[in-house]
Amino acid sequence: MKARTILAAALLAIGCSAWAGEMRVHLLGTGSPLPETKRFGPSILVEAGGRKFLFDAGRGPMQRLHTLGIPFADVDKLFITHLHSDHTIGIPDLYLTGWLRGRKSPLHVWGPAGTRNMMEHIAKAFDFDIRIRLDQNPGSNVKAADIGPGVVYEQDGVTITAFEVDHGPVHPAYGYRIDYAGRSVVLSGDTKYSEALVQRAKGVDLLVHEVAAGSEQQMRTSPVVRNVVGIHTTPEDAGRVFSKAAPRMAVYSHIVLFGVTEAELERRTRSTYAGPLMVGEDLMTFEVGQEVTVSRTEVKE
């Protein structure tokens, strides 16, 4: 079976229309820090205005891009939500393999304070390889910027806005809103329940939100589980975000579960939210136009 075989496609709104080229969102990785093969680390690719924008680079984005048939050289813009390693560990692969496969422009990186320092040190760490293979090749360069809240990218009709969210002691941590041609997508980043996120996401076409949940026993007996869940959003609180923001489609990504099934995750969300909802999967693609549609590509384990 070909890697790009579409296994399932579902229309998520009334009516049917071809993708009009507004926006396309690929969930490259929907998992936790654990090295799983079904769910890779957090990473989302957004296509808009003829450009490709990567948000976070957890474990495995290059493998997912390869499966989707997206040229590595086309992905030269990376936006980081925060500097936890499960959101950044795939950056060296993106940086180095990108130019190995033809990227001839610098890798542009935007993120919270510390991003520029991190990228400078990644380049230093691979200095030998860069000098041997890429001397004088612009693809070996990095242009990194520490950003604050507000508009961080505006070109070709695409506007990307960063906003602060509440990831407990991790500060700053950002969510992102992407607007293009009257369509909008919000990515929560890692956060507890956030009113700032609700305000940014009101009426968006697609809201991609993180979630963490522990079973009653795990929450009672494990301080580690309580700590992790405490700096993320529970299904019940995510449902409250969805209810207040009222997106055309709500999707879970960066799914962190301790003794909780995906079916239970959805049931718990439904206690506070009755609208359109999907539990995200790696290689799930949303086409955001007049309608919001989803397709799935086979995950090779």
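The values are calculated or read from the model by the stated rules, or taken from the named source; none is laboratory data. Just so we're clear, the structure is a prediction, and the values are computed from it rather than from any experiment. Backbone-built Cβ (ideal geometry, glycine too); neighbour counts: all protein chains shown. For the accessible areas, the whole protein counts, side chains as well, though only heavy atoms, and no ligand, DNA or RNA atoms are used. Shrake-Rupley method; radii C 1.70, N 1.55, O 1.52, S 1.80 Å.
Is the C-alpha gyration tensor of region 136-217 telling us rounded, prolate or oblate? Criteria: a/c under 1.5 is rounded; beyond that, a/b larger than b/c is prolate, otherwise oblate. Since a/c reaches 1.5 but b/c is at least a/b, the shape of region 136-217 is classed as oblate.
Of the residues P149, L107, F128, the one whose Cα sits farthest towards the positive end of the charge dipole of region 102-211 is F128 (charges of +1 on Lys and Arg Cβ, -1 on Asp and Glu Cβ, taken about the Cα centre). Note on the chain: antiparallel DSSP beta bridges, both residues inside, total approximately 65 percent of the bridges counted.
Classify region 213-301 as rounded, prolate or oblate, taking a ≥ b ≥ c as the square roots of the eigenvalues of its Cα gyration tensor: rounded when a/c is under 1.5, otherwise prolate if a/b is larger than b/c and oblate if not. Verdict is oblate for region 213-301.
In a reduced charge model with +1 at each Lys and Arg Cβ and -1 at each Asp and Glu Cβ, the chain shows a dipole moment near 280 debye about its Cα centre. Largest accessible area first, the residues R59, R268 order themselves as R59, R268 under a 1.4 Å probe with ligands, DNA and RNA left out. How far is it, in nm, from the label point at N227 to the one at E266 when both lie 7 Å from their Cα along the line to the Cβ? Once both label points are built, they end up 3.3 nm from each other. Probing with 1.4 Å while keeping every protein chain in the model, the per residue accessible area of region 20-122 equals 34 Å². What a 1.4 Å probe finds exposed on region 44-86 is 47% carbon and sulfur by accessible area, rounded to a whole percent. Counting only protein heavy atoms and using a 1.4 Å probe, the accessible area of F242 comes to about 0 Å². Between the C-alpha center of region 44-86 and that of region 115-133 there is a gap of 19 Å.
Computed with a 1.4 Å probe over protein heavy atoms only, the accessible area of F128 comes to about 140 Å². Strictly over 19 Å apart at the Cα level, which of K52/K244; K77/K192; K52/K77; K77/K202 would you flag in this model? Where the Cα-Cα span goes over 19 Å, the pairs concerned are K52/K244; K77/K192; K77/K202. The figure for I89 is an accessible area of roughly 90 square angstrom, using a 1.4 Å probe on the protein chains alone.
Quick one: compute the contact order of region 61-148, relative version, from alpha carbon pairs under 8 angstrom and 6+ residues apart, as a percent. Computed over region 61-148, the figure is 33 percent.
Calculate log10 I(q)/I(0) of region 241-283 for q = 0.16, 0.23 Å⁻¹, where I(q) comes from the Debye formula with a single equal point scatterer on each Cα and nothing for solvent. Computed log10 I(q)/I(0) values: -0.42, -0.84.
Averaging 1/r over each pair of different alpha-carbon atoms in the chain and inverting the result gives 19.4 Å, the Kirkwood hydrodynamic radius.
In the chain, taking the dipole from charged Cβ atoms about the Cα centre, the farthest positive-side position among Y193, V25, A274 is held by V25.
Under the convention that each Lys and Arg Cβ holds +1 and each Asp and Glu Cβ holds -1, the size of the dipole of region 32-180 around its Cα centre is about 440 debye.
Using only side-chain charges placed at the Cβ, +1 for Lys and Arg and -1 for Asp and Glu, the dipole size of region 73-114 relative to its Cα centre rounds to 180 debye. Overall shape: rounded for region 22-160, with the ratio a/c of the largest to smallest alpha carbon gyration tensor axis below 1.5. Here the accessible area of region 200-255 is 49 percent carbon and sulfur, with a 1.4 angstrom probe and all protein chains present.
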